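S.K.: For reference, the structure I am asking about is given below.
The values are calculated or read from the model by the stated rules, or taken from the named source; none is laboratory data. This one's a predicted model, so the numbers in the text were calculated from it and none came from an experiment. In this analysis, Cβ positions are derived from the backbone assuming ideal geometry, glycine residues included, and neighbour counts consider all displayed protein chains. Just the protein is used for accessible areas: all its heavy atoms, side chains included, with ligands, DNA and RNA removed. Shrake-Rupley method; radii C 1.70, N 1.55, O 1.52, S 1.80 Å.
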Amino acid sequence: MEKTLLQIKGTLWLKPEDPAIRKAAQIICAGGLVAFPTETVYGLGASAIDPAAVARIFSAKGRPSDNPLIVHVAAREQVYQVASSVPERALYLMERFWPGPLSLVLPRSSAVPDLVCAGLPTVAVRMPSHPVALGLIRAAGVPIAAPSANRSGRPSPTSARCVLEDLAGRIDAVLDGGTCRIGVESTVLDLTGPRAVILRPGGVTREALASALGEPVFQAAWKGGDAPPSPGMKYRHYAPRAPLILVTGPPSRRRIVLNILAEYFRRRGLKVCLLSSFLNQHGHDDLEYISRHLFRSLRRCDALKAGVILAEGIDSRGLGAAVMNRLGKAAFRVIRV
Ligand code: TXA
Ligand code: MG
């Protein structure tokens with residue numbers, strides 16, 4: 001088998017079959033790094049209880065060490081390995097939304113190395129629903145710490161090819177499970193205080209959480225200054241190479257402004273990529289289609305060597321909140337019309 005393994009710059013490209021999953025699990029147990037598919041985006045995994053392996057995640061990604069990682073488990077009971085206590089509300093949400101795109105911030109157990117949580121007293125945990133992710137965590141027998149498998153600041157990867165674009169030669173292996181179904185990351189929900197607070201909107205909507213809990217769910221905001229509610233909030237993220245201008249406002253007005261801007265930049269000889277035609281051209285204007293294709297579209301703008309990217313804002317209800325959060329963070333400038 002060894003002779004036929006495909007390598008890109010020394011990174012193994014593995015088909016997600018049982019022997020390859022076992023091999024990937026051995027790599028994790030030996031302190032290595034394996035990128036794997038989840039239903040949201042690809043994660044870059046290491047054993048969550050091995051500080052040296054976790055340190056390798058930060059250096060492979062070029063990630064600031066004050067930005068904590070999400071710990072992935074394969075069974076609800078495994079949450080007790082990483083959290084010191086699990087409130088009633090969390091148990092209920094785990095029952096309702098796990099496996100799935102919901103990360104819960106809980107009080108942290110002493111088994112979790114400082115580096116995973118960036119020194120915070122809390123840990124973010126989620127149980128992904130992708131069978132390859134679950135198979136890998138089970139085979140490794142340890143919880144797996146995994147940020148998105150991109151170079152820090154770049155759009156998150158939704159295919160093995162995107163992972164290799166950023167990380168070939170910097171990680172031991174990638175399990176290729178095809179493209180990710182949801183396309184934006186999990187919702188990060190803080191349950192350590194009296195109120196349920198979304199630190200990052202994602203695959204499970206605020207509306208779904210509020211209706212499951214029967215109480216309001218808040219969206220954390222940070223306007224600079226003191227420490228943000230979640231360290232991830234202070235970094236610019238998801239950015240393609242060309243500057244992205246996001247235009248928000250009523251649909252008819254934003255389309256007019258987008259056309260004017262496109263014409264303006266074209267006249268100046270810049271290659272313009274427009275992130276809005278994909279909402280209509282194929283007859284797909286549903287949010288699931290938009291979120292599934294968002295990061296891939298940003299990476300495509302890079303591949304096309306865009307000079308400037310113009311993106312049309314959408315309504316931020318439901319999954320639209322996650323899409324607008326990512327576009328806002330990727331944007332060089334936001335124009336409200
Ligand atoms: O869907 C996902 O969540 C993907 C897949 C791979 O599971 N993972 C992911 O990880 O998006 P990452 O590292 O790219 O984003 C984790 C976010 C960051 O914004 C981080 O600041 C926040 O979660 N976070 C992690 N632990 C936290 C904690 N204890 N308190 C507050 N925020 C936390
Ligand atoms: Mg990320």
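S.K.: For the chain, what D do you get in µm² per second when you plug the Kirkwood radius from alpha-carbon pairs into Stokes-Einstein at 10 °C and 1.306 mPa s? Walk me through the numbers before you get to the answer.
M.R.: Details: Rh = 20.4 Å.
Result for D is 78 µm²/s.
S.K.: Could you work out how far the C-alpha centroid of the stretch 36-112 sits from that of the stretch 308-336, in angstrom?
M.R.: The two parts, judged by their Cα centres, are 27 Å apart.
S.K.: Can you compute the helix-only [θ] at 222 nm over the chain? Use -39500 (n - 2.57) per DSSP H run of at least 4 residues, normalise by all residues, nearest 500 deg cm²/dmol.
M.R.: -10000 deg cm²/dmol
S.K.: For Ala83, what residues show an amide H to amide H distance below 5 Å, using hydrogens built from the backbone and excluding near sequence neighbours?
M.R.: Hits under the 5 Å cutoff: Ser109.
S.K.: Across the stretch 147-153, in residue order, what do the Karplus-derived ³J(HN,Hα) couplings come to in whole Hz, using 6.51 cos²θ - 1.76 cosθ + 1.60 with θ = phi - 60° and x for Gly and Pro?
M.R.: My calculation for the stretch 147-153 gives x, 5, 8, 10, 5, 3, x Hz in order.
S.K.: Sticking with this structure for a sec: How much area per residue is accessible in the chain when the probe is 1.4 Å and only protein heavy atoms are counted (Å²)?
M.R.: Averaged over the residues of the chain, the accessible area is 44 Å².
S.K.: Please give the net charge around Ser103, taking every other residue with its beta carbon less than 15 angstrom from that of Ser103, where Lys and Arg add +1 and Asp and Glu add -1.
M.R.: Taking every other residue near Ser103 into account, the sum is +4.
S.K.: While we're here: Can you give the % of DSSP beta bridges in the stretch 56-143 that are antiparallel, to the nearest 5?
M.R.: 60
S.K.: Also, I was wondering about something else. Give the shape of the stretch 147-234 as rounded, prolate or oblate, defined through the alpha-carbon gyration tensor: a ≥ b ≥ c are the square roots of its eigenvalues, a/c under 1.5 means rounded, and otherwise the shape is prolate if a/b is larger than b/c and oblate if not.
M.R.: oblate
S.K.: Could you count how many Lys pairs in the stretch 1-111 have their Cα atoms under 17 Å apart, skipping same-chain pairs fewer than 8 positions apart?
M.R.: 4
S.K.: May I ask you to give the percent of accessible area on the stretch 2-182 that is carbon plus sulfur, with a probe radius of 1.4 Å?
M.R.: On the way: 3610 of 6900 Å².
About 52 percent, which is the carbon plus sulfur part of the accessible surface.
S.K.: Just order 149-158, 311-320, 171-180 by mean Cβ neighbour count inside 10 Å, highest at the front, would you?
M.R.: 149-158, 171-180, 311-320
S.K.: Just the number, please: percent antiparallel of the DSSP beta bridges in the chain, rounded to the nearest 5.
M.R.: Values: 19 of 46 bridges.
Around 40 percent of the beta bridges assigned by DSSP in the chain are antiparallel ones.
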